[in-house]
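The values are calculated or read from the model by the stated rules, or taken from the named source; none is laboratory data. Because the structure is a prediction, the values reported are computed rather than measured. All Cβ positions, even for glycine, are placed from backbone atoms using ideal geometry, and neighbour counts span all protein chains on display. To get the accessible areas, we keep the full protein, side chains included, count just its heavy atoms, and leave off ligands, DNA and RNA. Shrake-Rupley method; radii C 1.70, N 1.55, O 1.52, S 1.80 Å.
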Amino acid sequence: MQKSGKKVAVVTGGAGFVGSHLCERLLTDGFRVVCIDNFYTGKQEHIAHVLSNPDFESIEADVEYPVSLDGDVDYIYHLACPASPVAYQRDPVKTVRTNVLGMINMLEFARTKGARILQASTSEIYGDPLEHPQTENYRGHVNTLGPRACYDEGKRCAETLCMDYHRQYGVDVKIVRIFNTYGPRMAPNDGRVVSNFIVSALTGEDIVVYGDGTQTRSFQYIDDLINGLTSMMQKEDFVGPVNLGNPGEFTMNELAHRVLSLTGSKSKIVFRPLPEDDPKKRQPDISLAKEKLGWKPTIGLDDGLVKTIAYFKKTLEVR
Ligand code: NAD
Ligand code: UDP
């Protein structure tokens, strides 16, 4: 614990979409927060409003290299990794290095500090799933050779490292598997479907659906995820993995029509080829999160989209 009496939480990837919301929440909850980020996809502006908070510190560093910090650390939320397919495929070797070397460095850091560490894993570890919905027992269906493997296999290896550090060195680890999450502070050029569709709708560009648009995803609003992450961190005697996602499942065609209707946009929907290894469906089974954490999402797709559209309207200065 810090001299101030506040517990210290380190958030890697704290300047990113999820990380910046998490930093804010942890400050509100009375933690001292240290954000570690290399600003690969994160932005200074995401944390600008908390920089003057004496309980907040921002360190520009790459988790690919060992991390050091004076003083005690209680909790580490390890989020550093680009999450959008466009971003993680830009430099796939770097993505593997971030996932694997970054995980080792942060586990070593946790071990040195005696801190609890939570790994932000992903539904991508299930690949193009052959079981539906996905429970934590499903072992996945990932192409080790494809363009998504740098992320999927990197995250799978990171989970392995968590369990090995836990068994071998007694590190206090937690693994959450996050399903598609959206909300304010997604980058307009992030490449993920919700931000792409909203930005296109607001700017009158074509909404581009990959494939025939019948593939499904289950979209979770950011606030629900943050509640799940903080609940998991505080839960004793539960390593996980645990799915955190909203079971509401939608096709990309349904999503496109909802965005058009909620924005009142006249954008056209057009179709382009489906990227390689794009999963055909995805839906979390969240029974375990309900049982162990008493957690379930509370914000439905339309409500979450309305909030996200409002954010992009402001960001893009669209009237
Ligand atoms: P994001 O790209 O907005 O944020 C990632 C952050 O990590 C950025 O600030 C980036 O600059 C930083 N980063 C990347 N590589 C780094 C490195 N080597 N060293 C230090 N910092 C680095 O993505 P996000 O949506 O906020 O995702 C956060 C985490 O949650 C990621 O680990 C992602 O895999 C996981 N996740 C997110 C989703 C989702 O739908 N948003 C779904 C599943 C898992
Ligand atoms: N997608 C789309 N148009 C876009 C961006 C994505 O149709 O402009 C599709 C993509 O092919 C995938 C789904 O939307 O089937 C979700 O894509 P995203 O990149 O958001 O997440 P992930 O594929 O990692 O779940």
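Please list, ordered by first then second residue, the pairs with beta carbon atoms under 6 Å, 6 or more apart or interchain, first in segment 32-49 and part of a helix (DSSP H, G or I), second among the basic types (Lys, Arg). What qualifies is His46/Arg185. Here the condition is being part of a strand (DSSP E or B) and polar (S, T, N, Q); of Ser68, Ser121, it holds for Ser121 alone.
Results for (1) open to solvent by 50 Å² or more (accessible area, probe 1.4 Å); (2) of a type in the set (A, V, I, L, M, F, W, C); (3) at pLDDT 95 or above; (4) in contact with a Lys or Arg (Cβ under 7 Å, 6 or more places away or on another chain), shown as yes or no for each residue.
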site: Asn105; (1), (2), (3), (4): no, no, yes, no
site: Arg111; (1), (2), (3), (4): yes, no, yes, no
site: Ala115; (1), (2), (3), (4): no, yes, yes, no
site: Ile125; (1), (2), (3), (4): no, yes, yes, yes
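Please identify the pairs in which a residue from segment 190-202 that is at positive phi has its Cβ atom under 8 Å from the Cβ atom of a residue that is in a helix (DSSP H, G or I), counting only partners at least 6 apart or on another chain. Filtered contacts from segment 190-202: Gly191/Pro85; Gly191/Val86; Gly191/Ala87. Of all residues in segment 80-102, those being of a type in the set (A, V, I, L, M) and more than 16 Å from ligand 2 (Cβ to nearest atom) number 5. Between Asp212, Asp223, the distinction of being touching a Phe, Trp or Tyr at 6+ places or on another chain (Cβ under 8 Å) and away from ligand 1 (no atom under 12 Å from the Cβ) belongs to Asp212 only. I'd like to check something: does segment 10-19 contain any residue that is open to solvent by less than 30 Å² (accessible area, probe 1.4 Å), closer than 23 Å to Asp172 by Cα and of a type in the set (S, T, N, Q)? Looking through segment 10-19, at least one residue is open to solvent by less than 30 Å² (accessible area, probe 1.4 Å), closer than 23 Å to Asp172 by Cα and of a type in the set (S, T, N, Q).
In the set Gly264, Gly294, Gly240, only one residue is among the small types (Gly, Ala, Ser), within 16 Å of ligand 1 (Cβ to nearest atom) and either under 30 Å from Ala158 (Cβ atoms) or open to solvent by 40 Å² or more (accessible area, probe 1.4 Å) (or both); that residue is Gly240. Among the residues of segment 155-178, some residue qualifies, meaning at least one is within 22 Å of Gly304 (Cα to Cα), touching a residue at least 40 places away in the same chain (Cβ under 8 Å), more than 13 Å from ligand 2 (Cβ to nearest atom) and touching a strand residue (DSSP E or B) at 6+ places or on another chain (Cβ under 8 Å). Here Cys81 meets each of (1) within 19 Å of Ser20 (Cα to Cα); (2) open to solvent by 80 Å² or more (accessible area, probe 1.4 Å); (3) not polar (S, T, N, Q) with one exception, condition (2). Restricting Leu288, Leu274 to residues that are among the aliphatic types (A, V, I, L, M) and surrounded by fewer than 17 Cβ atoms within 10 Å (Cβ to Cβ) narrows the list to Leu274. When segment 135-175 is filtered for residues that are open to solvent by less than 40 Å² (accessible area, probe 1.4 Å), out of contact with any Ser or Thr (no Cβ under 8 Å at 6 or more places or on another chain) and not charged (D, E, K, R), the ones remaining, listed by number, are Tyr138, Gly140, Val142, Gly146, Ala149, Leu161, Cys162, Tyr165, Val171, Val173. Given the criteria in contact with a strand residue (DSSP E or B) (Cβ under 9 Å, 6 or more places away or on another chain), open to solvent by 10 Å² or more (accessible area, probe 1.4 Å), away from ligand 2 (no atom under 16 Å from the Cβ) and at pLDDT 95 or above, does Glu57 qualify? Against the criterion (in contact with a strand residue (DSSP E or B) (Cβ under 9 Å, 6 or more places away or on another chain), open to solvent by 10 Å² or more (accessible area, probe 1.4 Å), away from ligand 2 (no atom under 16 Å from the Cβ) and at pLDDT 95 or above), Glu57 qualifies.
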